[in-house]
Amino acid sequence: MFKGGKDREMPSLGEVTNLKERANNKFIWLACRNCGKERWVQLSHTTLPQFTNLCAHCWKTKPKGPYPRGINSPNWKGQPRLMEHGYIVVPLDSNNPFYLMSDCEGCVYEHRLVVAKHLGRCLEAQEIVHHKNGIKTDNRIENLQLLPSRFEHVRLHKSEKL
C-alpha cells in the first residue's frame, strides 16, 4: 500500500488502491509501455487501455497521423466494393498506367476504368461516363457512353425524359 512521507514503500505494478486524498476514486500503479516510467492511473469505467499505456510525456510526443488510407490501410481487403451511391470502386496499384485517374485512396470508379482501358488513355476529369440503361453496376463497354462534359450529360438526361 502506498504511504506518504519519507519512509514510503513503492507499490508493485498492477496494485490497486484508494488514495485517502482522493476519496472514492480507485487508482492502479502502471508503467509506461514506452519509457517505463511508473505512475498512478485513475481507474474508471471510461478508462481506455490506449490512454493508460503511455505516460503524459510519451502521449504528447508520440507521432500523430496521417493514418494509412485505402490500399495502404490494414483494414483494406483489396477487392472492388459497391459504394452507397450505387457505383463500383476498384483499387489500383501505383504502377498501373491508369493510376492517374484514382482518388486519394488509390481507387477509381469501375465504369471510368472500363472506358479508359477501351480508349487506351486516362480520362480527363471533366469527361463523364454515362450508363445507357441507367444501371450503375452494369459496366459493359456497350452500355457505357463517354461525354465531354457534365453539361452534355445533363442535356442527355433531359432529352431522355421528353
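The values are calculated or read from the model by the stated rules, or taken from the named source; none is laboratory data. Everything quoted here is computed from the prediction, not taken from an experiment. Using ideal geometry, Cβ is built from the backbone for each residue, glycine included, and neighbour counts are taken over all protein chains shown.
When the range 122-143 is filtered for residues that are of a type in the set (Lys, Arg) and modelled with pLDDT under 95, the ones remaining, listed by number, are 132, 136. Entry remark, the range 117-162: residues being farther than 16 Å from residue 88 by Cα, without any contact (Cβ under 8 Å) to a residue 12 or more places away in the chain and among the acidic types (Asp, Glu) number 3 in total. Is it the case, given these coordinates, that residue 160 is charged (D, E, K, R) and over 23 Å from residue 99 (Cβ atoms)? In short, yes. Across the range 65-92, the qualifying residues are those that are closer than 23 Å to residue 127 by Cβ, assigned to a loop (DSSP other than H, G, I, E, B) and not hydrophobic (A, V, I, L, M, F, W, C), and the one among them that is modelled with the highest pLDDT is 87. Scanning for something within 27 Å of the chain's Cα centre (by Cα) and surrounded by fewer than 16 Cβ atoms within 10 Å (Cβ to Cβ), does the range 133-141 turn up at least one residue? Yes: the range 133-141 contains one or more residues that are within 27 Å of the chain's Cα centre (by Cα) and surrounded by fewer than 16 Cβ atoms within 10 Å (Cβ to Cβ).
Counting only residues that are over 26 Å from residue 149 (Cβ atoms) and surrounded by fewer than 17 Cβ atoms within 10 Å (Cβ to Cβ), the range 73-95 holds 13 of them.
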